[in-house]
Amino acid sequence: MDPWTFWLGGALALGGGLLTVTRRNAVASVMWLIVAFVGMSTLFLGMDAGFIGVIQVLVYAGAIMVLFLFVIMLLNLTPSGLLRIDRPRWTTLGLASAAAFVALILAIVTGGELWTAGGGDEEAILQATGRDTLIEGGVLDVADQLFNAHVLPFEVASVLLLVAVVGAVALTKRKL
Amino acid sequence: MIAMDTTFLASSPALAALGEITTAHYVVLSSLIFAVGLFGVVTRKNAVVILMSLELMLNGANLAFVAFSRQHANLQGQVFVFFVIAVAAAEAAVALAIIIALNRVKGGVSLDDATELKG
């Protein structure tokens, strides 16, 4: 695993995420969230998950964030109105819950097998799984799983998306 | 996949510690990203920004999925991430429709205004 994809992607994802939740202008939040998603994509590519890394940019940074921008535009909030409603509250509660969650995960990770067995570096993984190479999540590999072992969930997901489209239209249309 | 010469990292002990990335690193990073999203959900009032923080939390979980998929040499984790992204897209579409409806009724997207269900 190349260390630089972890540090670069991690810095982009974490920095972008922090700026997303602290900017008071929603449009600035969208832009920083796109930076965070590009960082996540770097992390996925660094773990040889090519398919997930690409759809992260295409679907998340591309489609979903454009949808967010469209809605912010459609709401037509004045800049002062946007800032007025966005004075942060419950900062202590937010910090405490976030810190508690990280502490919980740290306690689990440092107390578990992952930590004592070298944290799962490349050699440890190859030894434990008895393989010559690490898995690669290319389009062909993931498609093989999706269309053979997981066909039914795949079809259910398509129905779910259809229901979401109908629901979104039903919610926003004034007269049906 | 993306190769770079990293032998210089071994030249100093401090840099060598940066050189070896393990699954544990990814799990801790994923918890940090999740925590940032959680902080956003708790502290913000703007419904659009809360939805964005939720997407950040889902991404933190996705990172753990891919890290463990690599750890166990099992692609099912990545298939699950595919479904998480599909559900996140559906969720974003419906939630943004609700936000537009909320804006029409209340004239704003502050969640403090939507208190009808409060007893």
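The values are calculated or read from the model by the stated rules, or taken from the named source; none is laboratory data. Predicted model only: the values in this text are computed from it and were never measured. Every residue, glycine as well, gets a Cβ built from its backbone with ideal geometry; the counts of neighbours run over all protein chains shown.
Taken over region B:58-77, the criterion of being more than 18 Å from A:His150 (Cα to Cα) and of a type in the set (Phe, Trp, Tyr) is satisfied by B:Phe68 alone. Where helices (runs of 4 or more DSSP H) fall entirely within region A:96-176, those with at least 3 residues that are within 29 Å of B:Leu96 (Cα to Cα) are at A:151-172.
The residue that is nearest to B:Leu51 (Cα to Cα), counting only those in region B:99-113 that are free of Cβ contacts under 8 Å to residues at least 12 places away in the same chain and facing another protein chain (nearest Cβ under 7 Å), is B:Ile100.
The condition of being at pLDDT below 90 and of a type in the set (A, V, I, L, M) holds for only one of A:Leu176, A:Leu171, A:Leu160, that being A:Leu176. Among all residues of region B:56-78, there is at least one that is under 19 Å from A:Thr91 (Cβ atoms), of a type outside the set (Lys, Arg) and in a helix (DSSP H, G or I). Among helices (runs of 4 or more DSSP H) entirely within region A:1-70, having at least 3 residues that are more than 9 Å from every other protein chain (Cβ to nearest Cβ), of a type outside the set (Val, Ile, Thr) and touching a residue at least 24 places away in the same chain (Cβ under 8 Å) singles out A:3-22. May I ask you to list the residues in region A:134-176 that are within 18 Å of A:Phe51 (Cα to Cα), surrounded by fewer than 16 Cβ atoms within 10 Å (Cβ to Cβ) and polar (S, T, N, Q)? A:Asn148, the sole residue that qualifies. Scanning region A:158-176 for residues that are within 23 Å of the chain's Cα centre (by Cα) and of a type in the set (S, T, N, Q) turns up just one, A:Ser158.
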